[in-house]
Each structure stands twice: as C-alpha cells, then as structure tokens.
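Read through the structure below, which is laid out as structure tokens, and then see the notes.
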Amino acid sequence: MDNTEAETEGVWIRDTTANDYYYDNYVYAKSTTGTATSKMRWRPELPESVTYSVYYKIPQITAASENWATNASFTVYHSGGSETVTVDETTANGTWVHLGDYPFAAGDSGYVELTNKANKSRVVADAIMWVDPNRIPQLESAVIMSDRNELQMTQTAQLSVTGYLDNGLVGDLTQADVQYFVNRTDLAEVNSSGVLTLLNLDGNTDHIEVWATVTIDGVTLTTPPLNITIRDLTVIVDSTNTTGLYTTEGSWSQSNLAGYKIGVKSRYSTVQGSSATWKGQFPEGKYTVSIYKLVHTTGNDNHVKVEVKHKTGTEVTYIDATAGSSGWVNLGTFDFTGDGSEYVRLTRVTPTTVDPPTLPADMIYTRVDAVMFERHSDDSELLANEEPGEPTLSE
C-alpha cells in the first residue's frame, strides 16, 4: 500500500526530492515532541487469516539538511495486539525493510500507523507491504552493479548481481548460476566471480559494457547492461598522504593555502635543505609526471629543485614559483620499473630566511602539495624516446 492509499489525519506534504521512493512520491509531516497532530494508517484488505511478514519502504535521503526523524514510530495493529517499532529514517536506502511477522485476520481490521511524534523536523511516510507466506514469490528481474563506475588501466572492479522478486523484495541468489560478460574482450576480462580487469586501451574507446545472466529454477534472466568508463591510470600522491608515499626531511609546516584539491591544505618550508618526497607505487610503464605548483601573491621561491628518479636515471629541473599561476607543471614522460624505489623529490635550495625577518617581505616560502603520475598504456600519441623539455604548465 502506497501513502496515496493510506488514511491520513493532519498535514502531510508531498515530496519527490529523495531517491528510490515507491511509485511517484512520498510525504512528510512536521515532527512534534508533544501529542501527535498528524497520522497515517495503511489499512489493507487481507485475503486470509495468517501470519504476514510486514515491510516498510522509506526513500533514501539526499540532503542531511532535510533533517528526517531518527525515532519514527511504526505501530503494527494485528489480531494479537500491537507492537511499535522505532525506525531511523535517515539510514533508509529505498529498499523494503522488515518490520516483523504478525498474525492478521482476514479483512481490514489490521493496519500500520505512523505519527509525527518524533525528533528532528520531519517524519517521512512512503509505503507498507504485507507478504503472504503461503505464496511463493518469483524472481522477476536482476540488475548488475559495480563497486567502481570508472575503471583505470590495471585496476579491477567487483561486479555483483541483485535479483528482485515480483513482490519487490530482494531475492536469494545463493543457489543461482550467475555468469558475467563484457562486450570488449580485447580490452577487459571478467572472471566467474565477477572480478573485472582492464587490460588494454585502444585510444578511442571510453567505456565498456558489462552484463550478467542469472539462472535459477530453470528460469534465466539477463540484466540490463551497465556502462563503465575506462581510461588510463592516474595516480596522485598528496602531501597529506599518510601511507608512506609522501615523506619529508627538514622543517615543513601546514599552510593556509589549499592545493590542487579544494579544502586540503598545502605545506611550506623556510629552511634551506628541507625536502619532500613523493614515491611512485604503481605498475611498470611509461608515465607523464606533473607537480602541482602553488603561486601566491608574495614570498614565493623562484628556484625550487625538483628531481624525478625513474628507470634509467634521475632528471633534475628547477621551478620558478613566482611566475604564472597555480597549476600542474609537466616534468616530462619517463619509464618506471614500478618497484617502489622511484620518486619525485622537491628540495629547497634557497637560503634559510632569518626568522623573524627584518621585513615580512623578506620571507621566502617553498611550497609543496601533490605529484601526479599519468600512465601511457597506449603510446600511439606519444613520440618515441621523448625527452623532457622545459617544465610547462599543463592545460
């Protein structure tokens, strides 16, 4: 029974801003901590006197500012009495949730009631379902899902299938034969467990399609195809990395300046010899390396030493952080072994500024933030034996 079929008292406001509601809308009432002023009763016409499994459906909240109740009270009135179940509506995800199993008499004497006596500002109401245990539900549809909506080169994604019964509940597929498929076997492979691996790129294709078949009790269903974006591997190591890929020597402090990622602060040093190192941890291959340069209005370092240790040696360049604007600076394209020994290292070679300086304008800041490694699995657009030139600001 949908909210549109229920008996109502008080004011219930129609809404559609949340996700995965039943039919074409849901409603809410303003909460009260006193006597309930709004009520909703789902009163079905039940065909027989049996114990029914009762489920509720609440859509998935899309904005915490909507402030849904965390203690909404659903009271089930059945032939043996009544029972109240407290529901945190903010954790609902749009699926059917079991309220319990209760005996109901045939007819319309039993019902489920929800009131607006609750905390927060809104009590949300959508649909209630009674499931007759004597009726065996049938698998009606299946959908395929992925834990990644984008798959980068060398990465894997875990595919899974969810089956839905004709009463809207999730079906049990533990005994089903599930087979996974990918449309571009020249680019990716998927095993019997649903692990999808991106193996190749052709320079033109930006997505692949995956689907699955589910066979159970002699019936086979095919899921609608799922598009997954594919692209080459990009690894960004930020100065906030705590897994050992970013390390420092010397004196570094947190800056008030955000780096490439909004809301994430960069670091700075005023001490000569201080260095920051970003380690490369990725598969062997050819990578374009970029460092994020931070340009501020005053106090920038115009002679920042940057080293790139790669497969065949170490390239050294110097960056002028007084020129241009903040952004990614291309350090060149290099071959990496991927053995964990390679890195990008930034070192302050500018003399240590007297602290405190005679004038604030005398302070020179060497700033660090992030390094990006972009893999070239398809080198067709890359010149053979390309040598890194002068650092340039990436588009």
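The values are calculated or read from the model by the stated rules, or taken from the named source; none is laboratory data. Just so it is clear, the model here is predicted, and its values are computed rather than measured. Please note: Cβ atoms are built from the backbone with ideal geometry, for glycine as well, and neighbour counts cover all protein chains shown. The protein model used for the area step is the full one, side chains on, heavy atoms only, and it has no ligands, DNA or RNA in it. Shrake-Rupley method; radii C 1.70, N 1.55, O 1.52, S 1.80 Å.
A few comments on the model shown:
- Packing rank of 108-115, 367-374, where each peptide gets the mean count of other beta carbons within 10 Å, highest leading: 367-374, 108-115
- 5 angstrom amide H check on ALA142, placed H, neighbours 5+ away: TYR164
- Sorting HIS310, HIS376 by accessible area puts them as HIS376, HIS310; the probe is 1.4 Å, largest comes first, and only protein heavy atoms count.
- Note on ILE136 and THR312: the extension gain reaches 56.7 nm, defined as 0.36 nm multiplied by sequence separation minus the Cα-Cα distance.
- The string of couplings for region 226-235 from the Karplus curve (6.51, -1.76, 1.60, θ = phi - 60°) is 10, 8, 10, 5, 10, 6, 6, 6, 10, 10 Hz, one whole number per residue in order, with x for Gly and Pro.
- Three-way shape call for region 19-160 based on the alpha-carbon gyration tensor, with the a/c threshold at 1.5: oblate
- Across all Cα pairs in region 128-171, the calculated P(r) in 5 Å bins from zero up to the longest distance comes to 5, 19, 19, 15, 11, 11, 8, 6, 4, 2, 0 percent per bin.
- Summary value for region 1-127: 38 percent relative contact order, contacts being C-alpha pairs under 8 angstrom separated by 6+ residues.
- Gyration tensor over alpha-carbon atoms, region 229-268, equivalent ellipsoid semi-axes in Å: 24, 15, 7
- What the Cβ-Cβ distance of THR185 and THR243 gives, at R0 = 30 Å and to the nearest 0.05, is a FRET efficiency of 0.30.
- Probe 1.4 Å, accessible area per residue of the chain, Å²: 51
- Separation in nanometres of the label points that stand 7 Å from Cα toward Cβ, at ARG148 and LYS265: 3.3
- Sequence-distant lysines (8 or more away, or on other chains) whose Cα lies within less than 28 Å of LYS30: LYS39, LYS57, LYS117, LYS120
- In the chain, the portion of solvent-accessible area held by carbon and sulfur atoms comes to 46 percent [1.4 Å probe, whole percent, DNA, RNA and ligands not counted].
- Its Cα centre serving as origin, the chain has a Cβ charge dipole (Lys and Arg +1, Asp and Glu -1) of approximately 1460 debye.
- Theoretical gain in end-to-end length, ASP24 to ALA63 [0.36 nm per residue, Cα-Cα removed]: 12.1 nm
- Förster radius 51 Å - calculated FRET efficiency between THR337 and SER121, Cβ distance, rounded to 0.05: 0.30
- Value of relative contact order over the chain, rounded to a whole percent, pairs C-alpha under 8 Å and six or more apart: 12
- Think of region 281-344 as having a plus end and a minus end, set by charges on the Cβ of Lys, Arg, Asp and Glu; of THR333, THR322, PHE282, THR322 sits farthest toward the positive end of this dipole.
- Label point 7 Å beyond Cα of THR51 along Cβ direction - residues of region 133-161 with amide nitrogen under 14 Å: 133-134
- Cross-link reach list, lysines versus LYS293, counting only Cα pairs under 23 Å and skipping chain neighbours closer than eight places: LYS261, LYS265, LYS279, LYS305, LYS309
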